[in-house]
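Enquirer: Pasting a structure here, questions to come.
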Amino acid sequence: MTAPIDFYFDFSSPYGYFGSCRIEALAAKYDREVVWRPILLGAVFKLTGGQPLPTIPLKSDYAHRDILRCARYYGIPFRIPSRFPVATQAPARAIYWVWDRDPPRAKALAAALLRAYFVDDRDISSPEVTAETAATVGIEREALLAALQEPAVKERLRTETDAAIARGVFGSPFFIVDDEPFWGADRMDQLEHWLKTGGW
């Protein structure tokens, strides 16, 4: 069986959102599965000294322009949320809880949460908004709200973020296929070439 593509992303990353809109179709062309792995970029930034682009002087104006330009280039619905960035513990925990029960539904939830934030301007840092979004893809709202407070679910997200860092993940989106890392939505053409040729 061909190894899956590991797709790491933060729910507050516009570029992660752009990657999420394209990765499943790309993987399907080459008979690959995709494992969606939300992480907390805040934990990564503590190690790298990084910070969200919108908060960096000089870079922030370019980032704003580039994000909007990328959305137009890819033809992806998008608007910059009124609260940006936001904490992403609630949606990330939700994905891992659902993934252990129903991976396809977890992917549907991840896509719905990203759309809720980057298209509908809903504050997905709120557990209530996360649960309401989950209900739209057939997940029981109250069960999810309870799960978000479980110590094991909180620990799962910490463990997954630590494991991502151990693999060298430092941004969003970040793809690993056949142990080869690709960082950024703008590297997906190279990712496709890798899948097509088996590497170079």
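The values are calculated or read from the model by the stated rules, or taken from the named source; none is laboratory data. None of the values given here were measured: they were computed from a predicted structure. We place every Cβ from the backbone using ideal geometry, glycine too, and count neighbours over all the protein chains shown.
Enquirer: Residue 39 versus (1) of a type in the set (Val, Ile, Thr); (2) at pLDDT 95 or above; (3) over 22 Å from residue 129 (Cβ atoms): which is the lone unmet condition?
Expert: Here residue 39 clears every test but (3).
Enquirer: I've got another one for you. Evaluate the range 125-135: report whether one residue or more is without any contact (Cβ under 8 Å) to a residue 12 or more places away in the chain and of a type in the set (A, V, I, L, M).
Expert: First pass over the range 125-135, keeping only residues without any contact (Cβ under 8 Å) to a residue 12 or more places away in the chain: 132, 135.
If we keep only those that are of a type in the set (A, V, I, L, M) as well, we get 135.
Yes, the conditions are met somewhere in the range 125-135.
Enquirer: Here are the criteria: (1) touching a residue at least 24 places away in the same chain (Cβ under 8 Å); (2) in a helix (DSSP H, G or I); (3) closer than 15 Å to residue 36 by Cβ. Tell me which single one residue 163 does not satisfy.
Expert: (1)
Enquirer: Would you confirm whether any residue within the range 174-189 is over 19 Å from the mean Cα position of the chain (by Cα), exposed (fewer than 14 other Cβ atoms within 10 Å of the Cβ), free of Cβ contacts under 8 Å to residues at least 40 places away in the same chain and assigned to a helix (DSSP H, G or I)?
Expert: no
Enquirer: Looking only at the range 134-173, which residues are surrounded by 16 or more Cβ atoms within 10 Å (Cβ to Cβ) and basic (Lys, Arg)?
Expert: 156
Enquirer: Could I ask something else about it? Considering 83, 141, which residue is among the basic types (Lys, Arg), more than 21 Å from residue 184 (Cβ to Cβ) and at pLDDT 95 or above?
Expert: From the options 83, 141, the qualifying one is 141.
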